[in-house]
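The values are calculated or read from the model by the stated rules, or taken from the named source; none is laboratory data. Since the model is a prediction, treat every value here as computed from it, not as a measurement. All Cβ positions, glycine included, derive from the backbone under ideal geometry; neighbour counts span all protein chains shown. To get the accessible areas, we keep the full protein, side chains included, count just its heavy atoms, and leave off ligands, DNA and RNA. Shrake-Rupley method; radii C 1.70, N 1.55, O 1.52, S 1.80 Å.
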Amino acid sequence: MKRLSGQRFPVSSIKKDWRHKISLVYVIPVVALVCIGVWCVMFRMPGKNYQRPMPALTEEQKLLRQTLREDVHKLAGEIGDRNVRTNYKNLAVAADFIEASLQQAGFKVSRQGYEVSLSSLRGRRCYNLEGEITGSERPGEIVVIGGHYDSLEGAPGADDNASGTAAVLALARLFAGKQTQRTLRFVTFVNEEPPYFQSKDMGSLVYAKRCRQRNENIISMLSLETIGYYSTTEGSQHYPVLPLGLVYPTTGNFIAFVGNIKSRKLVREVVELFRRHAQFPSEAAALPEMITGVGWSDQWSFWQEGYSGIMVTDTAPFRYPWYHTQEDTPEKIDYDRLAYVVSILEKVVAGLAGCRDESE
């Protein structure tokens with residue numbers, strides 16, 4: 001290399017330039033590995049995601065659609081606003097309806113009653129309701145399928161969460177009389193909505209704490225939370241943080257499976273079971289609990305007690321125009337898609353619980 005007359009290259013400047021280049025050599029691969037690790041842990045899911053139109057309903061799915069419609073109309077139409085503080089009577093009517101529905105399906109229903117801590121509400125007992133199938137081979141391993149049946153004050157709560165409650169009841173009817181290797185519980189929770197949300201008065205937290213006190217081995221918990229609204233309009237789906245919008249679709253036509261990082265194994269198991277049987281769009285993620293919306297249902301309560309749990313949801317806060325309003329009414333629900341999703345969830349639950357079909 002020729003040295004130009006009068007031009008100097010300070011040694012310190014050369015060393016600094018080389019140190020910068022060497023640091024990039026190390027930093028870039030590390031960042032790439034971190035990104036790959038994040039992708040594998042949070043976003044990479046098994047199974048092929050179905051993207052074509054949903055198939056026509058079978059006759060069995062049409063019957064399921066009718067029962068789902070009837071239960072949503074009962075809870076959000078006939079009963080309506082149901083919560084312990086401003087409409088306690090309706091909440092009690094909803095609990096009685098759920099109990100009667102489970103009993104008619106052949107379950108012995110257990111009521112877990114408690115009073116909320118507000119002194120102004122003393123004497124108003126709230127109830128979680130449970131129907132159980134005891135496992136034939138591994139009864140100590142418990143699968144919980146749950147959803148809350150209360151609604152936000154002033155809202156009839158068709159999607160939030162009559163849709164989830166109706167699905168819990170439908171699944172209970174589908175499994176009634178069947179044999180499962182693991183114990184299978186169908187539970188409807190009270191007091192999920194504010195002002196009890198993520199407080200000691202939240203029904204699912206009261207339930208999960210009792211499970212832990214009894215040293216029960218809950219291996220899987222599915223929270224069915226707002227599963228009745230779908231849109232094929234581009235731009236109908238939104239996300240709480242921008243990066244998720246770069247990973248997931250902007251059309252709200254899918255069902256989502258959401259867990260925290262510790263529940264990632266369950267997320268992957270459930271979405272694999274769903275995609276194995278479904279001809280329906282599905283998305284899934286195992287995300288940090290700090291992200292808005294990740295802990296917005298009853299699976300959060302089970303996380304507090306060290307159990308794995310996921311939310312099955314239409315992501316209502318980020319899709320449903322009538323979320324938490326007086327307009328969350330039964331006619332807004334897409335009963336065809338709701339019925340199809342529930343019919344596939346039957347297969348998911350069967351896989352989790354080890355259900356044995358008597359016809360086999």
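Stokes-Einstein diffusion coefficient for the stretch 49-199 at 25 °C in a medium of 0.890 mPa s, Rh from the Kirkwood formula over Cα pairs: what value in µm²/s?
This corresponds to a translational diffusion coefficient of 150 µm²/s.
Using +1 on the beta carbon of Lys and Arg, -1 on that of Asp and Glu, and nothing else charged, what's the dipole of the chain about the Cα centre, debye to 20?
Dipole of the chain, to the nearest 20 debye: 2240 debye.
Can you give the calculated 222 nm mean residue ellipticity of the chain, where each DSSP H run of n ≥ 4 adds -39,500 (n - 2.57) and the sum is split over every residue, rounded to the nearest 500 deg cm²/dmol?
-11500 deg cm²/dmol
For the chain, what proportion of DSSP beta bridges, expressed in % and rounded to the nearest 5, is antiparallel?
Counting DSSP beta bridges with both partners in the chain, the antiparallel share is about 45 percent.
What do you get for the angle between helix 59-72 and the principal long axis of the chain? Use alpha-carbon atoms, 0 to 90 degrees, nearest ten.
For helix 59-72, the angle is close to 80 degrees.
Send over a whole-number figure in Å² for the accessible area per residue of the stretch 65-174, probe 1.4 Å.
Heavy-atom SASA per residue in the stretch 65-174 reads 38 Å².
Sort largest first and round to whole Å: the equivalent ellipsoid semi-axes of the stretch 120-166, each the square root of five times a Cα gyration tensor eigenvalue.
Listed largest to smallest, the semi-axes of the stretch 120-166 are 29, 17, 7 Å.
What is the sum of charges around Arg276, taking Lys and Arg as +1, Asp and Glu as -1, for the other residues whose C-beta is under 12 Å from the C-beta of Arg276?
Charge balance near Arg276 sits at +1.
Please state, to two decimals, what the Cα-based radius of gyration of the stretch 161-254 comes to when divided by 2.2 N^0.38 Å (N = residues).
Normalised Cα radius of gyration, the stretch 161-254: 1.39.
Could you tell me the distance between the Cα centroids of the stretch 192-253 and the stretch 290-336, to the nearest Å?
Comparing the Cα centres of the stretch 192-253 and the stretch 290-336, I get a distance of 4 Å.
Taking only Cα atoms, what is the 0 to 90° angle, nearest 10, from helix 11-38's long axis to the longest principal axis of the chain?
20
For helix 88-104, report the angle its Cα long axis makes with the longest principal axis of the Cα atoms of the chain; keep it between 0 and 90° and round to the nearest 10°.
The angle comes out near 80 degrees.
Residues with amide H under 5 Å of His148's amide H, sequence separation 5 or more or different chain, H placed in the peptide plane at 1.01 Å from N; which?
Here Phe189 satisfy the definition.
Using DSSP to define loop residues, name the trypsin sites (Lys or Arg not before Pro) in the stretch 173-251 whose beta-carbon has at most 14 other beta-carbon atoms within 10 Å.
Answer by residue number: Lys178, Lys200, Arg214.
Just Ala76, Ala176, Ala56 to compare: in a GNM of the chain, with alpha carbon springs under 10 Å, which one fluctuates most?
Ala56
Leaving ligands, DNA and RNA out of it, report the carbon-plus-sulfur percent of the accessible area of the chain at a 1.4 Å probe.
Heavy-atom surface of the chain belonging to carbon and sulfur, 1.4 Å probe: 53 percent.
Name the residue, out of Val187, Val241, Val168, whose mean-square fluctuation peaks in a Gaussian network model built on the chain with Cα pairs under 10 Å.
It is Val241.
Please compare each pair in Lys178/Lys209; Lys62/Lys332; Lys265/Lys347; Lys108/Lys265 to a cut-off of 20 Å on the Cα-Cα distance and tell me which ones are over it.
Cα-Cα > 20 Å for Lys178/Lys209; Lys108/Lys265; rest within.
Placing one identical point scatterer on every Cα of the stretch 211-360 and ignoring solvent, what is log10 I(q)/I(0) from the Debye formula at q = 0.10, 0.11, 0.18 Å⁻¹?
-0.36, -0.44, -1.13
Restricting things to alpha carbons, find the Rg to Rh ratio for the chain using the Kirkwood radius for Rh.
1.12
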